[in-house]
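The values are calculated or read from the model by the stated rules, or taken from the named source; none is laboratory data. Predicted model, so just to flag it, every value in this text is computed and none were measured. All Cβ positions, glycine included, derive from the backbone under ideal geometry; neighbour counts span all protein chains shown. For the accessible areas, the whole protein counts, side chains as well, though only heavy atoms, and no ligand, DNA or RNA atoms are used. Shrake-Rupley method; radii C 1.70, N 1.55, O 1.52, S 1.80 Å.
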Amino acid sequence: MERLIERGLFASRWLMAPMYLGLVGALLILLYAFLMELVHFALSIPGMTVDDAVLGALALIDLSLAANLLLIVIFSGYENFVSRMDLSGHEDRPDWQGEVDFSTLKLKLVASIVAISGIHLLKVFMDVGTYSDDKIRWMVIIHLVFVISGVLLALMDWIAMKGKVMKIAAKSAKADTGR
């Protein structure tokens, strides 16, 4: 009975596969939004100011960062929680694929969120006159919360890794003294 339950639990990981396929759909939506933004950006070239050019480029960067974030979640989430992708011989396989564990995934997600938040904040600063002081203050506070959260997550992972290394070293020293 226990083995049957464990096999059922292990097989339940496949319930995540449709979610990753759904994220591929979200990636297609981001591609559409990127293309629409690019067309809008290109059509506004004749009357474009330097600030408009920077804001347009930032909007495109923002969308590409969100798409990169989705790819990281799709690839590493699928490999960590569902099944390994058998693409070892594929010439275009990203170097990091198969090496991003849950801890690294968290840090990559937070770093991407901080970057996206920073780009939004930069857009606001480029057009600061159209935003209220209160809204700018809240955007800065939210961005700082993202930054601090990222630093704390990285610190927690560093502490956990250092603890694992210390535990392994202690076991190795104990084994050496027992011989």
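Quote the charge dipole size of segment 1-89 about the Cα centre in Debye, to the nearest 20; the model charges only the Cβ of Lys and Arg (+1) and of Asp and Glu (-1). Could the numbers behind the result be given before it?
On the way: 4 positive and 8 negative charges, 93 e Å.
So the dipole magnitude of segment 1-89 works out to roughly 440 debye.
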Which ³J(HN,Hα) values in Hz, rounded to whole numbers, follow from the phi angles of segment 60-66 under the Karplus curve 6.51 cos²θ - 1.76 cosθ + 1.60, where θ = phi - 60° and Gly and Pro get x? 5, 5, 4, 5, 5, 5, 5
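Set the Förster distance to 41 Å, then compute FRET efficiency between residue 23 and residue 169 from the Cβ-Cβ distance, nearest 0.05. Before the final figure, lay out the partial values.
Working: r = 40 Å, r/R0 = 0.97.
Given R0 = 41 Å and the Cβ-Cβ separation, E is 0.55.
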Would you mind working out the magnitude of the charge dipole of segment 99-179 relative to its Cα centre, with +1 at each Lys and Arg C-beta and -1 at each Asp and Glu C-beta, to the nearest 20 Debye? 560
Which one of 173, 67, 125 is farthest out on the positive end of the charge dipole of the chain, using unit charges on Cβ (Lys, Arg +1; Asp, Glu -1) and the Cα centre as origin? 173
With charges only on Cβ, +1 for K and R and -1 for D and E, what is the dipole size of the chain about its Cα centre, in debye, rounded to 20? 1100
Taking the alpha-carbon centre of each part, the distance from segment 1-71 to segment 102-169 in Å is 19
Ignoring ligands, DNA and RNA, please state the percent of accessible area on the chain from carbon and sulfur, probe 1.4 Å. 70
Once phi is turned into θ = phi - 60°, what whole-Hz ³J(HN,Hα) does the Karplus curve with 6.51, -1.76 and 1.60 give for every residue of segment 70-78, x standing for Gly and Pro? 4, 4, 4, 5, 4, 5, 6, x, 4
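Using the Kirkwood radius over C-alpha pairs as Rh, can you work out the diffusion coefficient of the chain via Stokes-Einstein at 37 °C, viscosity 0.692 mPa s, in µm² per second? Don't skip to the end; give the middle numbers.
Working: Rh = 20.2 Å.
My calculation gives 162 µm²/s for D.
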Compare the Cα positions of 161, 77, 53 along the charge dipole of the chain (+1 at Cβ of Lys, Arg; -1 at Cβ of Asp, Glu; about the Cα centre) and return the one farthest towards the positive end. 161
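Taking 8 Å as the Cα distance limit and 6 or more residues as the minimum spacing, I'd like the relative contact order of the chain as a percentage. Please report the intermediate quantities before stating the final value.
Working: 85 pairs, mean separation 38.6, N = 179.
This gives 22 percent for the chain.
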From Cα pairs below 8 angstrom and at least 6 apart in sequence, can you work out the relative contact order of segment 1-78, rounded to a whole percent? 48
Find the relative contact order for segment 104-179 and round it to a whole percent, using C-alpha pairs within less than 8 Å whose residues are 6+ positions apart. 41
With a 1.4 Å probe and all protein chains kept in place, how much accessible area does residue 146 have, in Å² rounded to the nearest 10? 80
Would you mind calculating the gained length between residue 12 and residue 53 on full extension (0.36 nm times residue separation, minus the Cα-Cα distance), in nm to one decimal? 9.9 nm
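From largest to smallest, what semi-axes in whole angstrom does segment 50-90 give when each is the square root of 5 times an eigenvalue of its alpha carbon gyration tensor? Spell out each step's value before the answer.
Working: eigenvalues 228, 23, 3 Å².
For segment 50-90, the semi-axes come out at 34, 11, 4 Å.
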